[in-house]
Amino acid sequence: MNVKTKTVYVCANCGSASPKWSGKCNNCGEWNTLSEEIVSKSKKSGRRQPAADAGPVRLADFDSNSVQQISTNIGELDRVLGGGIVPGSVVLVAGDPGIGKSTLMLQMAVMVSSGIPGDIIYSAGEESGQQIKMRAERIGLNCSDILILPENNIDIVLQHLYTKSNGLLIVDSIQTAYTDNLESFAGSVSQVRETAGMLLKMAKTTGNSVFIVGHITKEGSIAGPKMLEHTVDTVLYMEGEKLNSYRILRCIKNRYGSTNEIGVFEMREKGLVEVKNPSMFFLTGREEMVPGSIVIVSMEGTRPILIEIQALVSRSSYGTPQRNSTGVDNRRLSMMIAVLEKRAGVLLGMSDVFVNLTGGLKISETSIDLGIVVAMASSFRDKPVDDGVVIIGEVGLGGEVRPVSLLNRRLKEAFDLGFKHAVIPKIKKESVKPPKGMRLTEVASVSEALTILL
Ligand code: TYD
Ligand code: MG
């Protein structure tokens, strides 16, 4: 076998390789992400050879009905997967270490078992079979049908898989997986990329579905799942604060369904439990008539979710006031502070501003702008907003309140949870259909909203 060896410098952030070391990655611009890797490749591996009979096929000749999703029997997981597991698809489940990825995979393996025609194999690189069994027993799962393969060598894992079809393989985790084709150590950028590529090829040729678990680190120092995002069909991120019990499963890419969908779970003593009504969940514990507290409605995928925004504006005791937010983009917050100052005369220049989305959800939707602005003004003036009100609207730099998408769905969710009054942008009368009994107040600008609400 012809073996070639060469040294390359691979970026842990984007996975691009360059022949020379430099402090900054030429491709993605990140600093200190390049690390040395010795790549040896036998001629056998490497680029896929085209199949002899591969030729162009008329689009009309493909069967569009052939994608049959298999329900995992976990509703919140099906939601983010776009209905269920697609046979032959590859899903990446990424998240901080200890967030609950292995727990979710084990629960899925058990819940889906009757729906998968082939074998369910759990390739465990981080835990022993005994440990997995102990965990399963602790959370009350009957795993008798699941096959455990305590193996990090993907070549061996694939030997088992190529003889099977229509099954399910869980690889936990990609950071511990390696192939003998490469000399670099497990977890290195080239190993992660190569093993994922091999898994993908296996999935597409055999029809076995694959779930790949990948750890992410804040520093991005370990070859991360980020660079696998292009390779796989679906990317799910598991988010949440360690000290908080809820877990959000967020879909950021899906070749088989809509993205931006989220699933909400709670980590309990007996594993992950679905949260079927997230709005109720995120609003529990809300105190009444507190200055700075506002309820907004955000569309997360196809589902409206009600969340409380809390703002705390207090006199700054340092020269430079602090501006801090959790769950909201800091730049968006700075913009809202500027709008509030310039367009509504609420002067926050000498104040510290803290904004927090309760429950720890991260929201990038602009429909929450007006809620943020009102929450800050409410805290600044120490005046609460009536707690039966929801606030919906995007805010522009001119202080104008702009329309948002899917207003009727948002209003219905708010009404169902007992909010009888909504403050919304000015819109065409015929396009809004509020639930019977809901009062609407249309506002054109931030200052108008503040006059009405505070
Ligand atoms: P785990 O699934 O091992 O995380 P990951 O695979 O993402 O690294 O989850 C580990 C954490 O979850 C651990 O801190 C304990 C907690 N946990 C529970 O609270 N309840 C449970 O039933 C289980 C299995 C784990
Ligand atoms: Mg794990």
Surrounded by fewer than 22 Cβ atoms within 10 Å (Cβ to Cβ), among the aliphatic types (A, V, I, L, M) and farther than 15 Å from Pro97 by Cα, is that true of Met280? yes
Report yes if Lys201 is out of contact with any helix residue (DSSP H, G or I) (no Cβ under 8 Å at 6 or more places or on another chain), modelled with pLDDT of 90 or more and more than 14 Å from Ala94 (Cβ to Cβ), otherwise no. yes
Out of the residues in the range 103-129 that are surrounded by 22 or more Cβ atoms within 10 Å (Cβ to Cβ) and small (Gly, Ala, Ser), which is nearest to ligand 1 (Cβ to nearest atom)? Ala124
Looking at Met105 and the list (1) under 25 Å from the mean Cα position of the chain (by Cα); (2) away from ligand 2 (no atom under 16 Å from the Cβ); (3) in contact (Cβ under 8 Å) with a residue 60 or more places away in the chain, which single condition is not satisfied? (2)
Specify which of the listed residues (Gln191, Gln175) is of a type outside the set (D, E, K, R) and away from ligand 2 (no atom under 16 Å from the Cβ). Gln191
Any residue in the range 152-165 that is crowded, with 17+ Cβ neighbours inside 10 Å and either in the same structural domain as Ser16 (by TED's automatic domain parsing) or within 16 Å of ligand 1 (Cβ to nearest atom) (or both)? yes
Select from the range 130-151 the residues that are of a type in the set (S, T, N, Q) and more than 14 Å from ligand 2 (Cβ to nearest atom) and write down the one among them that is modelled with the lowest pLDDT. Ser144
List the pairs whose first member sits in the range 334-357 and is over 16 Å from Asp382 (Cα atoms), whose second member is in a strand (DSSP E or B) and among the hydrophobic types (A, V, I, L, M, F, W, C), and whose Cβ atoms are under 7 Å apart, counting only residues at least 6 apart or on separate chains? Met336/Val395; Ile337/Val353; Val339/Val395; Leu357/Ile307; Leu357/Ile309
Counting just the residues of the range 232-247 that are within 16 Å of Gly271 (Cβ to Cβ) and assigned to a strand (DSSP E or B), which one comes out farthest from ligand 1 (Cβ to nearest atom)? Tyr246
Please enumerate the residues belonging to the range 101-127 that are part of a loop (DSSP other than H, G, I, E, B) and either more than 19 Å from Tyr256 (Cβ to Cβ) or not hydrophobic (A, V, I, L, M, F, W, C) (or both). Pro117, Gly118, Asp119, Gly125, Glu126, Glu127
Which one of these is under 33 Å from the mean Cα position of the chain (by Cα) and small (Gly, Ala, Ser): Gly360, Gly437, Gly349? Gly360
Considering only strands (runs of 3 or more DSSP E) fully contained in the range 333-444, which possess at least 3 residues that are surrounded by 19 or more Cβ atoms within 10 Å (Cβ to Cβ)? 351-357, 389-391, 421-425
Return the residues of the range 284-295 that are surrounded by 19 or more Cβ atoms within 10 Å (Cβ to Cβ) and in contact with an Asp or Glu (Cβ under 8 Å, 6 or more places away or on another chain); say none if nothing qualifies. Pro291, Ser293, Ile294, Val295
Flagged pairs (Cβ under 6 angstrom, 6 or more apart or on separate chains; first in the range 110-129, closer than 13 Å to Lys164 by Cβ and more than 13 Å from ligand 2 (Cβ to nearest atom); second among the basic types (Lys, Arg) and in a strand (DSSP E or B)) are none
Pairs, first farther than 25 Å from Asp119 by Cβ in the range 169-187, second aromatic (Phe, Trp, Tyr) and away from ligand 1 (no atom under 12 Å from the Cβ), C-beta under 8 Å, six or more apart: Phe185/Tyr178
What do you reckon, is Glu300 touching a Ser or Thr at 6+ places or on another chain (Cβ under 8 Å) and either more than 16 Å from ligand 1 (Cβ to nearest atom) or acidic (Asp, Glu) (or both)? no
Looking at Gly98, Gly88, Gly83, which one is within 16 Å of ligand 2 (Cβ to nearest atom), part of a loop (DSSP other than H, G, I, E, B) and of a type outside the set (A, V, I, L, M, F, W, C)? Gly98
Which of the residues spanning the range 130-151 are part of a loop (DSSP other than H, G, I, E, B) and near ligand 1 (Cβ under 10 Å from one of its atoms)? Ile139, Gly140, Leu141
For Glu266, are the conditions met, namely being free of Cβ contacts under 8 Å to residues at least 12 places away in the same chain, over 16 Å from Phe419 (Cβ atoms) and not aliphatic (A, V, I, L, M)? no
Count of residues meeting criterion [surrounded by fewer than 22 Cβ atoms within 10 Å (Cβ to Cβ), in contact (Cβ under 8 Å) with a residue 40 or more places away in the chain and among the small types (Gly, Ala, Ser)] in the range 83-101: 4
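Quick grid of which residues meet (1) among the β-branched types (Val, Ile, Thr); (2) more than 29 Å from Ser245 (Cα to Cα); (3) at pLDDT 90 or above:
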position: Thr284; (1), (2), (3): yes, no, no
position: Ser293; (1), (2), (3): no, no, yes
position: Met299; (1), (2), (3): no, no, yes
position: Ala311; (1), (2), (3): no, no, yes
position: Arg315; (1), (2), (3): no, yes, yes
position: Asn324; (1), (2), (3): no, no, yes
position: Asn330; (1), (2), (3): no, no, yes
position: Ile337; (1), (2), (3): yes, yes, yes
position: Leu340; (1), (2), (3): no, yes, yes
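The values are calculated or read from the model by the stated rules, or taken from the named source; none is laboratory data. Just so you know, these numbers come straight off a predicted model, no measurement behind them. Here the Cβ is made from the backbone with ideal geometry for all residues, glycine too, and neighbour counts use every protein chain on show.
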